[in-house]
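The values are calculated or read from the model by the stated rules, or taken from the named source; none is laboratory data. Here the structure is a predicted model, which means the values were calculated and not measured. Neighbour counts run over all protein chains shown; Cβ positions are idealised from the backbone, glycine included. Each accessible area value is taken on the protein alone, full model and side chains, heavy atoms only, with ligands, DNA and RNA left out. Shrake-Rupley method; radii C 1.70, N 1.55, O 1.52, S 1.80 Å.
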Amino acid sequence: MAGNPITEAEVEQIRRHHAAGLSLNATAKALGRPVTTVRRAALKAGLSWDRTRTEAAVKAAALDFAARRVLIQQRYLEIAEELQLRAVAEAEHAQPAGADGEVRRWKTKRPEPREVADLLRAATAATNAELRLADYKQRDNHDDAAEIVLSFDVAVRQAYAEQQAEPDA
């Protein structure tokens with residue numbers, strides 16, 4: 001069953017929108033009509049939308065996303081470096097030492113072995129995420145980018161959960 005035919009008033013509105021430079025989608029939304037119906041009516045009226053602006057916008061968006069990926073790669077490397085430094089840095093420890101509220105403090109050349117392992121695992125996850133983004137940039141496969149970010153997020157959350165689950169020493 002065919003829908004309601006487009007009216008002459010709607011065709012005139014399509015002409016006004018077209019002349020004003022509004023997009024096909026915006027015109028269809030304003031009319032409350034499907035894009036295909038509006039496109040068909042516009043073609044019958046001798047109108048068409050130039051896709052040059054759309055193509056330019058898509059290219060600009062792709063460049064913006066590429067720039068954002070570079071920033072994310074840099075952040076992953078910074079995170080990896082920071083975690084590696086923390087894994088070999090001097091660590092300060094504190095533990096209650098008595099009923100009077102005294103706290104015993106001491107320093108070690110490195111964090112506890114378990115914390116070092118967690119830090120290095122997280123640094124490896126950040127490095128792997130950066131490498132996968134670099135590989136993504138070469139292959140230009142957009143589905144992988146979200147997977148990379150999510151896998152890093154999962155690795156960090158898992159390390160955090162493991163750390164929180166450990167009983168205090």
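Restricting attention to the range 6-24 and to residues that are in contact (Cβ under 8 Å) with a residue 12 or more places away in the chain and assigned to a helix (DSSP H, G or I), the residue that is nearest to THR36 (Cα to Cα) turns out to be LEU24.
Suppose we filter the range 34-79 for residues that are within 17 Å of the chain's Cα centre (by Cα) and either open to solvent by 80 Å² or more (accessible area, probe 1.4 Å) or not small (Gly, Ala, Ser) (or both); how many remain? Of the residues in that region, 14 qualify. The residues of the range 38-64 that are without any contact (Cβ under 8 Å) to a residue 12 or more places away in the chain and of a type in the set (A, V, I, L, M, F, W, C), listed by number, are LEU43, ALA56, ALA57, VAL58, ALA60, ALA61, ALA62, LEU63. Only one of the numbered conditions (1) open to solvent by less than 40 Å² (accessible area, probe 1.4 Å); (2) part of a helix (DSSP H, G or I) is violated by PRO111, and that is (2).
For the range 1-33, a residue qualifies if it is of a type in the set (Gly, Ala, Ser), over 32 Å from the mean Cα position of the chain (by Cα) and at pLDDT 90 or above, and the qualifying residues are ALA9, GLY32. Among the residues in the range 69-78, are any more than 30 Å from ALA125 (Cβ to Cβ) and hydroxyl-bearing (Ser, Thr, Tyr)? Among the residues of the range 69-78, not one is more than 30 Å from ALA125 (Cβ to Cβ) and hydroxyl-bearing (Ser, Thr, Tyr), which makes the answer no. Quickly run through the range 91-106 and pick out the residues that are open to solvent by 100 Å² or more (accessible area, probe 1.4 Å) and at pLDDT 85 or above. Residues satisfying the conditions are PRO96, GLU102, ARG104, ARG105. Restricting attention to the range 95-108, report how many residues are of a type outside the set (Lys, Arg) and assigned to a strand (DSSP E or B). Adding up the residues that qualify gives 5. Residue selection: VAL116 satisfies the criterion of being open to solvent by less than 60 Å² (accessible area, probe 1.4 Å) and free of Cβ contacts under 8 Å to residues at least 40 places away in the same chain.
Using the structure shown, decide if ALA146 is open to solvent by less than 100 Å² (accessible area, probe 1.4 Å) and either aromatic (Phe, Trp, Tyr) or modelled with pLDDT of 85 or more (or both). So ALA146 fails the test.
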